[in-house]
């Protein structure tokens, strides 16, 4: 798997086939038989809460402002319609708004590649469309695992499927 500059690719497959495991190996969270030739700075979203639940997104911005692209952060806050929840603690947000908070934070990090595992889960259609457009227009690399075929067909130019522990490229019609 070679992720070129500005490339957006999707990985799909049956439940339990190893998609999330592959992403965790790529991120270095798990060990596996995989060779990573070039070490790129990564932003990772994996469906679990990595933000401090007792802080708001505004607090996270203040704590990590040196690592964030602040213009991207602001664009995502407005584009994902998160402004009215900006000062709400993560633990008090709906599941959809928790995902939005993570997307704002992670996609604002100054990273070379973003790895997103089910980024549209619990998002409304307007947010899914905004996220798709944001990713497509980004000059960063993305690896996206999603069961949302419409999202990946609209967002990614290259598609891979895990089938019997093998990664195979395929076309989406």
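For this structure, a couple of remarks:
- Flag for residue 59 being without any contact (Cβ under 8 Å) to a residue 60 or more places away in the chain, over 15 Å from the mean Cα position of the chain (by Cα) and exposed (fewer than 12 other Cβ atoms within 10 Å of the Cβ): no
- Any hit, the stretch 28-44, residues being over 17 Å from residue 2 (Cα atoms), surrounded by fewer than 17 Cβ atoms within 10 Å (Cβ to Cβ) and at pLDDT 75 or above: no
- Looking across the stretch 104-135 at every residue that is in contact with a strand residue (DSSP E or B) (Cβ under 7 Å, 6 or more places away or on another chain) and over 15 Å from residue 41 (Cα atoms), the one that is surrounded by the fewest Cβ atoms within 10 Å (Cβ to Cβ) is identified as 118.
- Exactly one residue out of 78, 105 is in contact with a helix residue (DSSP H, G or I) (Cβ under 6 Å, 6 or more places away or on another chain) and farther than 23 Å from residue 157 by Cβ: that is 105.
- Only listed residue being over 28 Å from residue 15 (Cα atoms), in contact with a helix residue (DSSP H, G or I) (Cβ under 8 Å, 6 or more places away or on another chain) and not in a helix (DSSP H, G or I), chosen from 139, 87, 122: 87
- If the condition is being closer than 15 Å to residue 69 by Cβ and more than 11 Å from the chain's Cα centre (by Cα), then the stretch 109-128 contributes 109, 110, 111, 112.
The values are calculated or read from the model by the stated rules, or taken from the named source; none is laboratory data. Keep in mind it's a predicted model, so treat the numbers as computed, not measured. For neighbour counting, all protein chains shown are included, and Cβ atoms are generated from backbone atoms with ideal geometry for every residue, glycine included.
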